[in-house]
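Everything below concerns the one structure shown next.
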Amino acid sequence: MDDSRETLGRHAFVTGFPIKHSRSPIIHGHWLKTLGIQGSYRAHEVAPENFPDFLQTLKDGRSGFIGGNVTIPHKEIAFKLADQPDELSQELGASNTLWVEEGRLHATNTDGRGFTANLDERHPGWDRARSAVILGAGGASRAVIQAVRDRGFKEIHLINRTVARARELADRFGAVVQAHPMEALTEVMSGAGLFVNTTSLGMDGEEAPRLDFSPLLSGAVVTDIVYVPLKTPFLVQAEEQGFPTVDGLGMLLHQAVPGFEKWFGQRPLVDETLRALIIADMEKH
Ligand code: ATR
């Protein structure tokens, strides 16, 4: 079978519970269209109790899908049930991207690569400093910690309201990550060249506390993985205080790249047209 025929009719999914608000179908649909690939990518809701069966149908070909993305609440179970989770997802204990090869279920986690690629694109040189501050120790924080460490930061200060949760996460990564309570924020910001918000503070009109970013190194980059709104309260504050900022939308776009390439065989581009499509969708809702 030649390549074009093989590509014809490949189908991928994004699954979660609920899933209808996912923007991934817009992203992958845009790439399928612009690259002229006759496959599909669609939202496929699966309740937690049905998830193991769904993975079985994926592995044995009954689902009709060749792979897909997995989001909340299925990332941990997807990792556990995969036959071949890669090193990135093993360290995180969670996978967001699945594909089947010869009846075996492979899994990776592309959130960290999305985070890194977004900063590389929008603020090259973001990784020059030695020390970083990450706010939040939830599910989304793990991949960010991994990405920041893998870029060579030597000190990662993890701040969380519930400090026990930060400690637990820090222990997973070893001495490079240190856990602190909220009160330590000013102290650990001193000398840091990167600040990342991974909490839901400021999301969708939620309140966010006023932060003083001035202890950060001059030119330190402030970024937020929240992208609704695009300019979160933390990014607005950081800009007012003279720091460069990077919004979180690019992380969503870039984390989708490796999966698309795996399923459909071509590496797609994250460009302004795609960004504009998602922003237009955000304005609708
Ligand atoms: P996700 O998987 O999206 O990271 P999560 O696991 O619920 O979601 O984590 C949410 C993060 O936002 C946590 O770090 C949470 O702090 P706690 O671990 O103390 O709950 C943080 N967060 C949410 N609301 C907060 C608030 N009002 N003040 C401070 N931190 C908050």
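The values are calculated or read from the model by the stated rules, or taken from the named source; none is laboratory data. None of these values were measured; they are calculated from a predicted model. Neighbour counts run over all protein chains shown; Cβ positions are idealised from the backbone, glycine included. For accessibility, only protein heavy atoms count, side chains too; no ligands or nucleic acids. Shrake-Rupley method; radii C 1.70, N 1.55, O 1.52, S 1.80 Å.
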TODO: For the stretch 91-189, run through the GluC sites (Glu not before Pro) and keep only the ones in DSSP coil with at most 11 other Cβ atoms within 10 Å of their Cβ.
DONE: E102
Task: Alpha-carbon Rg with Dmax, taken over the stretch 203-255, Å - done: 11.2, 31
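Which value, to two decimals, describes the C-alpha radius of gyration of the stretch 168-217 once divided by 2.2 N^0.38 Å?
Values: Rg = 12.7 Å, N = 50, 2.2 N^0.38 = 9.7 Å.
Compactness ratio reported: 1.30.
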- [ ] Can you send over the carbon and sulfur percentage of the accessible area for the stretch 26-93, probe radius 1.4 Å, protein chains only?
- [x] 51
Task: Extended-chain gain in nm, criterion 0.36 nm per residue less alpha-carbon gap, A276 and L230 - done: 15.4 nm
Task: Fraction of accessible area attributable to carbon and sulfur, the stretch 112-248 (%, probe 1.4 Å) - done: 48
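Quick one: pull the percentage of alpha-carbon pairs in the stretch 1-116 with a separation above 21 Å. Intermediate values should be presented prior to the final figure.
Details: 2406 of 6670 pairs.
Of all Cα-Cα distances in the stretch 1-116, 36 percent exceed 21 Å.
For the pairs K154/K262; K20/K75; K33/K80; K231/K262; K231/K284; K75/K231, note any where the Cα-Cα span goes beyond 25 Å.
Working: K154/K262 32 Å; K20/K75 17 Å; K33/K80 33 Å; K231/K262 32 Å; K231/K284 17 Å; K75/K231 27 Å.
Cα-Cα > 25 Å for K154/K262; K33/K80; K231/K262; K75/K231; rest within.
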Task: Two-site FRET efficiency, H21 against D150, from Cβ-Cβ distance with R₀ of 51 Å, rounded to 0.05 - done: 0.95
TODO: Could you calculate, for the stretch 112-248, the ratio of the Cα radius of gyration to the Kirkwood radius, expressed as Rg to Rh?
DONE: 0.91
Open item on the list: Treating only the Cα positions of the stretch 59-124 as identical point scatterers, give the base-10 log of I(q)/I(0) from the Debye formula at each q in 0.17 Å⁻¹.
Closed with: -0.60
- [ ] Take the Cβ-Cβ distance between L269 and E76 as r, set R0 to 35 Å, and report the resulting FRET efficiency rounded to the nearest 0.05.
- [x] 0.65
TODO: Counting helices only, and only those DSSP H runs with n ≥ 4, report the 222 nm mean residue ellipticity of the chain as the sum of -39,500 (n - 2.57) divided by its residues, in deg cm²/dmol to the nearest 500.
DONE: -11500 deg cm²/dmol
Open item on the list: How many angstrom lie between the Cα centre of the stretch 184-206 and the Cα centre of the stretch 71-144?
Closed with: 20
TODO: Could you give the DSSP H helices of the chain that reach 15 angstrom or more along their long axis (alpha carbon positions) and whose average Kyte-Doolittle hydropathy is no lower than -0.5?
DONE: 24-35, 139-150, 163-173, 272-284
Open item on the list: Please list, by residue number, everything in the stretch 196-225 whose backbone N is under 12 Å from a paramagnetic label point 7 Å out along Cα→Cβ of T186.
Closed with: 211-215
TODO: With N denoting the number of residues in the chain, provide Rg(C-alpha) divided by 2.2 N^0.38 Å, to two decimal places.
DONE: 1.02
Task: Share of alpha-carbon pairs per 5 Å distance bin for the stretch 113-190, given as whole % - done: 3, 17, 28, 25, 17, 8, 2
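Can you give me the accessible area per residue for the chain, using a 1.4 Å probe, in Å²?
Working: 13350 Å² over 285 residues.
Value returned for the chain: 47 Å² of accessible area per residue.
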- [ ] Describe numerically, in nm with one decimal, the distance between label points set 7 Å from Cα along Cα→Cβ at D120 and at Q38.
- [x] 3.4
